[in-house]
4 protein chains.
Amino acid sequence: MSWKTAITKVEPNKLTLRGYDLATLIGTASFAQMVYLLLMGEFPDEKTGQLVEAILVSSVDHGATPPSCLAARTVASCGVPLTTALAAGVMSIGRYHGGAIEDCMKTLARAAQAKREKGKSLPDIAEQTIAEAKAKGRRLSGFGHRIHTQDPRTVKLLELAKSLGLAGDGVAIAEAIAEAFQRKGKTLPLNVDGAIAALLFDLGIPPELGNAFFVISRLPGLVAHIHEEQTREKPMRVITPGDVEYDGKEAP
Amino acid sequence: MSWKTAITKVEPNKLTLRGYDLATLIGTASFAQMVYLLLMGEFPDEKTGQLVEAILVSSVDHGATPPSCLAARTVASCGVPLTTALAAGVMSIGRYHGGAIEDCMKTLARAAQAKREKGKSLPDIAEQTIAEAKAKGRRLSGFGHRIHTQDPRTVKLLELAKSLGLAGDGVAIAEAIAEAFQRKGKTLPLNVDGAIAALLFDLGIPPELGNAFFVISRLPGLVAHIHEEQTREKPMRVITPGDVEYDGKEAP
Amino acid sequence: MSWKTAITKVEPNKLTLRGYDLATLIGTASFAQMVYLLLMGEFPDEKTGQLVEAILVSSVDHGATPPSCLAARTVASCGVPLTTALAAGVMSIGRYHGGAIEDCMKTLARAAQAKREKGKSLPDIAEQTIAEAKAKGRRLSGFGHRIHTQDPRTVKLLELAKSLGLAGDGVAIAEAIAEAFQRKGKTLPLNVDGAIAALLFDLGIPPELGNAFFVISRLPGLVAHIHEEQTREKPMRVITPGDVEYDGKEAP
Amino acid sequence: MSWKTAITKVEPNKLTLRGYDLATLIGTASFAQMVYLLLMGEFPDEKTGQLVEAILVSSVDHGATPPSCLAARTVASCGVPLTTALAAGVMSIGRYHGGAIEDCMKTLARAAQAKREKGKSLPDIAEQTIAEAKAKGRRLSGFGHRIHTQDPRTVKLLELAKSLGLAGDGVAIAEAIAEAFQRKGKTLPLNVDGAIAALLFDLGIPPELGNAFFVISRLPGLVAHIHEEQTREKPMRVITPGDVEYDGKEAP
């Protein structure tokens, strides 16, 4: 009649996470390594931990206008606890917001399979992937951005994956698709969702956990916005997304 | 007519967080440092980053029975997206669950003020704090645990704070209170909420952000449980908290 | 640059809902009629209003063990506002909980189309519907119940629909399927989800709004449970679904 | 070891709600009566049912700009299930949104107690209530509206309560306060929150359930907006509250 969990064993004065004693991890493991350990069931090596860390760092915030932030601020302005407003932000991470990571990971998985099985070249795989999406009348998730033409986060994440020796088919195919778009004269660069998708795919993360990395990453940003809303603004104000101005510190 | 945010400046191909260029942080800053940067507005030094990291690592999961986990699993079993179930877990972190951190931080703040202003000794401050709570008929948050008599997470967090030179009045008062309870013959050791409260207080974090650190820390655990529920169990099952058994890896 | 809504016009001292002056509806229209008006865009006649009312009455509560109730109670026990706990209950109404209404409406829609286009008899349509589900390895939503063999709510809802002259293909096909199961010796009676699905289908409600009627109906039950939890139980208690006992009033 | 509920008894083929057989209520009781039955534990008489019905009808929607609606639409635009977006709307009903009902009920309770115990006149009670709020630097919840100078819902609800013989101290004090404001030359008429508060107070509803009536009432409006958002608008759009225009039916 019992049910099972393979995540954490709770005993008096002892906590075992996926087979690791939590006490020995405090002060030695990084939070990014814990994320990987909990979701994948194995403790990541140093380099994998660094790449997951970079992914988590890359998406901590993107200003006040993403819908998760606006939802969290709107709920926060009604006078509810911080965690209630945070829940509104978390549940916004859906098919169309963050979901690009999962979508793009599935695209990369299909393309990587085609590459392996049919021995096609990267440019061919890229052309075929674009053609298939076009035939279905769908946009390819992970390419193009309404603000950034060359997303600084993408550049850094790809560089890091390569320097750590962790870039595989995912990164290669993602870059090949971006190049194919460029050859066609389309401004559809690899965006941060696409870059994260490529890195997570190369780390062997299943696509259905793609959004999880994004939401873990974005949480501190949402907390900061909720706290700012509740300490700086009047309750029940009208929040007009287009009217926000940055008045914080400038980069040196 | 505009409203202001001091968190993130979004410009084409450039993201500035609290005055720092995000691109230069990817691959160099830790996620823990980003949490501190976003919530406190300043980039933490190496040691502060390490202590925040340890706090985030310490609470990533505590098995399947905390109410946030049960709420998340219950909602997950109804066939909703991962982020919806996650929201249920996040909103559970309230006054009675995680809230001990905020409560304990307020207690420590009052005690530290009394220590500064009245020049009382630590044992006196501790006795007075216990007496005040008793007079109000309230339990002191941060002390005692239904399972652990000496919480391994507490031990490690306090050791680390001291070795990093970051333990101040918060840690001293928390330990003095635990000792006072012991002198009275009460089994009310400093628990992990109390330890985190002491460390956050000594880092200068405002009490109303105490729960935020806990919820950021707990997110990967909640994700792992939701994913396990949705991949390992039947939908709409009856979840009996007392019937769960660990069948994962054992510590070596 | 503007966006449009066709639901409610807000003017000083005047509110117009779907073309009706709200002031004239207060005291004359039923809440059930307002639900229909808002969701369907037209004011329902008396009989339609009565049937919607009966549907809303039928599902107000089903005790403490449905997952929406357990999720709401679990979150409520953490010390959050009533509406936060209510949100946890609402978000639980998903594919596997309440979703049977939507699923069953789609089944009835396909069967009704087959009936119209191919002129088949009700028993034939029923057999074919069961066969198709079996071929796909799927259970037919809306039939069978873990507790009730003849759900008293189903009986009453079908009787009312017939007496009001509002039972159409949906009810006929649903009953035919239940009879076909009976002929096969299977205990899969039409349950309340199936009955509501049949009635909503015959009222012309689109399937994607099926869950909405269920969640509107269930809200007062969820509120009652949250209020009971927060006034009768200790915070952070372990909620064991199988250990609940009714100690309220008995029916006369 | 068992825990208790006094709300619903679930037996095979029989559901008893607060001592009433659900089957006999389907088709005879109104949804409003069920709300009262579940929350108050007793079946309301005809007139009480009518007044609760009017309260539920009065707040079904107030256009696209209340924060609960904007939160629900923002989350809906991210591609999540209807019930997830609905949860975002529900959790927005907090201290500053809907909370005016609870606040105003508490004010009326204090004033009614003063009236009973000290035998003061209504104008004196009103002046005193206003003076006490002013002394604390607080606005009186339930009075004043950013759009309506004479809220049509308020007028109708008060009329109905009086004609049903259900207006008591709550209505009398609320009207006296509005008159006192008028004598002072202030445009602070009784708004719909205040009117609902007065009626609920006179029905004997406890203040902490005030928000519950509001959220039950508002649910169909939230559903309508979420459905409109998901069927009429593009995903992930920027929702500017001030730019919404009504393009629905006009009142005849």
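Structure notes:
- For region C:185-252, the set of GluC sites (Glu not before Pro) satisfying both a DSSP loop assignment and a count of at most 14 other C-beta atoms within 10 Å is given as C:Glu250.
- Computed 3J(HN,Hα) for region C:132-148, one whole-Hz value per residue from the Karplus formula 6.51 cos²θ - 1.76 cosθ + 1.60 where θ = phi - 60°, is 4, 4, 4, 4, 8, x, 10, 7, 7, 5, x, 10, x, 8, 5, 10, 9, glycine and proline marked x.
- Between copies, the label points of D:Asp247, set 7 Å from Cα on the Cα→Cβ line, lie 3.6, 5.7, 5.9 nm apart, reported in increasing order to one decimal in nanometres.
- Our note on the geometry: Cα centres of region D:115-164 and region C:1-76, 28 Å apart.
- Between C:Leu15, C:Leu200, C:Leu82, the residue with the greatest mean-square fluctuation in the GNM of chain C (Cα pairs under 10 Å linked by springs) is C:Leu15.
- Relative to the other identical copies, D:Pro235 shows label-point distances of 2.0, 3.6, 3.9 nm, where the label point lies 7 Å from Cα along the Cβ direction and values run shortest first.
- Per DSSP, loop trypsin sites (Lys or Arg not before Pro) in region B:218-248 with at most 15 further Cβ within 10 Å: B:Arg237
- Helix content alone sets the calculated 222 nm mean residue ellipticity of chain D: runs of n ≥ 4 DSSP H residues at -39500 (n - 2.57) each, divided across all residues, give -18000 deg cm²/dmol.
- Measuring from each Cβ of chain C to the axis that turns chain C onto chain D, the shortest distance belongs to C:Ala87, 2 (residue, then whole Å).
- Its Cα centre serving as origin, region D:45-239 has a Cβ charge dipole (Lys and Arg +1, Asp and Glu -1) of approximately 700 debye.
- Cα shape, region C:45-239, gyration tensor, a/c 1.5 rule: prolate
- Each residue of region D:64-81 was assigned a 3J(HN,Hα) from its phi angle through the Karplus curve 6.51 cos²θ - 1.76 cosθ + 1.60 (θ = phi - 60°); the sequence is 8, 9, x, x, 4, 6, 5, 4, 5, 5, 4, 5, 4, 6, 8, x, 9, x Hz, with glycine and proline shown as x.
- Paramagnetic label zone (point 7 Å from Cα along Cα-to-C-beta, C:Asp21; backbone N under 19 Å) in region D:177-208: D:192
- Among B:Ala133, B:Ala197, B:Ala212: highest mean-square fluctuation, GNM of chain B, C-alpha pairs under 10 Å: B:Ala133
- The lysines whose alpha-carbon is closer than 16 Å to the alpha-carbon of D:Lys118, local same-chain residues fewer than 8 away aside, do not include any residue.
- Taking the 1.4 Å solvent-accessible surface of region C:45-239 as the whole, the part contributed by carbon and sulfur is 50%.
- Proximity of backbone amide H atoms, modeled 1.01 Å from N, is registered between C:Phe143 and C:Asn191 at under 5 Å, excluding neighbours fewer than 5 places apart on the same chain.
- Taking every protein chain into account, the accessible area of region B:17-126 amounts to 28 square angstrom per residue (probe 1.4 Å).
- Of the trypsin sites (Lys or Arg not before Pro) found in region C:97-198, the ones in coil according to DSSP and having at most 11 other Cβ atoms within 10 Å of their Cβ are C:Lys136, C:Arg138, C:Arg146, C:Lys184.
- Accessible surface buried upon C-D contact (total; probe 1.4 Å; Å², nearest 100): 8100
- Across region B:176-186, coupling constants 3J(HN,Hα) worked out from phi with the 6.51/-1.76/1.60 Karplus curve, θ = phi - 60°, read 5, 5, 4, 5, 4, 4, 4, 4, 7, x, 9 Hz, and Gly and Pro carry x.
- For region A:1-44, the square roots a ≥ b ≥ c of the C-alpha gyration tensor eigenvalues yield an a/c of 1.5 or more together with a/b not exceeding b/c, which makes the shape oblate.
- Unit charges at the beta carbon, dipole of chain B: most positive-side option, B:Gln113, B:Leu199, B:Gln50: B:Gln113
- Long-range amide H partners of B:Lys249 with built H, under 5 Å: A:Gly19
- For A:Gly19, the point set 7 Å out from Cα toward Cβ sits 4.6, 6.0, 6.7 nm from its twins in the other copies, listed from shortest up.
- Sequence-distant aspartates and glutamates (8 or more away, or on other chains) whose Cα lies within less than 18 Å of A:Lys184: A:Asp124, A:Glu127, A:Glu132, A:Glu175
The values are calculated or read from the model by the stated rules, or taken from the named source; none is laboratory data. In this text, all values refer to a predicted model and were calculated from it rather than measured experimentally. Quick reminder, even Gly has a Cβ in these numbers, built from the backbone with ideal geometry, and neighbours come from all protein chains shown. For accessibility, only protein heavy atoms count, side chains too; no ligands or nucleic acids. Shrake-Rupley method; radii C 1.70, N 1.55, O 1.52, S 1.80 Å.
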